[in-house]
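Taken together, the values in this text are just the output of simple stated rules run on the coordinates, not laboratory data. Just so you know, these numbers come straight off a predicted model, no measurement behind them. Cβ sites come from the backbone with ideal geometry, for glycine too, and all protein chains shown count toward neighbours.
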Amino acid sequence: MGSAALVQPRDGAVSSEPRPSATVCVLHQGATSFEVLMVRRSSTARFMAGAWVFPGGVVDPEDHSGEALDSISGLAPGAEIGPWLAAAFREVAEETGIWLTDPVIVEAVVAPVYSVARKHGRIFPAARAAYFANWITPTMVPVRFDARFFLVAIDRLVTPQPDEAEIDDAEFVSPSEVLRRADAGEWLVPFPTQRTLRQIAEFSTVDAAIDEWQHKEVVPVQPRMRVAADGSLEVVMPTDPGFAELDDAEPNPEVLARAAKAAAERGRPIAEVASDDD
């Protein structure tokens, strides 16, 4: 469930506490530029159906286990980021068949990832990843996530194998091309995903991006939301004008549903929310 930072549930459920989750930007350096792995959420997915996102999902209890943490090399004992990083590696394997091991392996997951890793001696190198962002869902959204974003470099281009359950398509694309498709309405791409792609696109190489973020402190970002007079939904960042004047609003599925419906009627659907009659 990649980039699940602004999600409207379809069953009316309300959650006040954000759920820990991991999102992964898998990067491959080409001859002249680099590409990022994008996956398309299944049309039957509960959240963000049909949206193009980065692979990822909720941190499960198994990601805290010794078996999970032992599958990562170079992880400091007791590292707080450990379960998130484990979830990042696991989710990419489950959703796309890409094992971010050294070397990279492409193999569909038919058993628990950590059990397979232990059986075959597969190790996920922590040094290959950089933790670079932490998005927390605005309080107005009923289902919330504490999503930590990772960059992971791979040294060869591989062909993803979508699981055909949560994910029905996947491909490596340049960040600028993803943004072009989103602007043209060809792809439905959530706001946090687009924001991240613009950050990544500022770098000329994968190594430069990894090096930059491996040496930076990550500051959590929790946007606020407002509905404009025309019914459109606006995401307001902490650095945007007017942020301080907004409240951390209570969950409001009805307001979000109306905003989603208005956006859909204008031909610009919002990936992060769904109207009641979707």
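General remarks:
- Screening Ala182, Ala147, Ala165 for residues that are in contact with a Gly (Cβ under 9 Å, 6 or more places away or on another chain) and among the aliphatic types (A, V, I, L, M) leaves exactly one candidate, Ala147.
- Selection of the range 113-131 for residues being part of a strand (DSSP E or B) and more than 19 Å from Thr96 (Cβ to Cβ) yields Ala130, Tyr131.
- Meets criteria (polar (S, T, N, Q) and not in a loop (DSSP other than H, G, I, E, B)) for Ser16: no
- Of all residues making up the range 228-244, the number that are of a type in the set (A, V, I, L, M, F, W, C) and surrounded by fewer than 10 Cβ atoms within 10 Å (Cβ to Cβ): 2
- Meets criteria (under 18 Å from Ala108 (Cα atoms), surrounded by fewer than 23 Cβ atoms within 10 Å (Cβ to Cβ) and touching an Asp or Glu at 6+ places or on another chain (Cβ under 8 Å)) for Pro125: no
- Applying the condition of being touching a Ser or Thr at 6+ places or on another chain (Cβ under 7 Å) and surrounded by 15 or more Cβ atoms within 10 Å (Cβ to Cβ) to the range 159-186 and asking which residue is farthest from Trp99 (Cα to Cα) yields Ser174.
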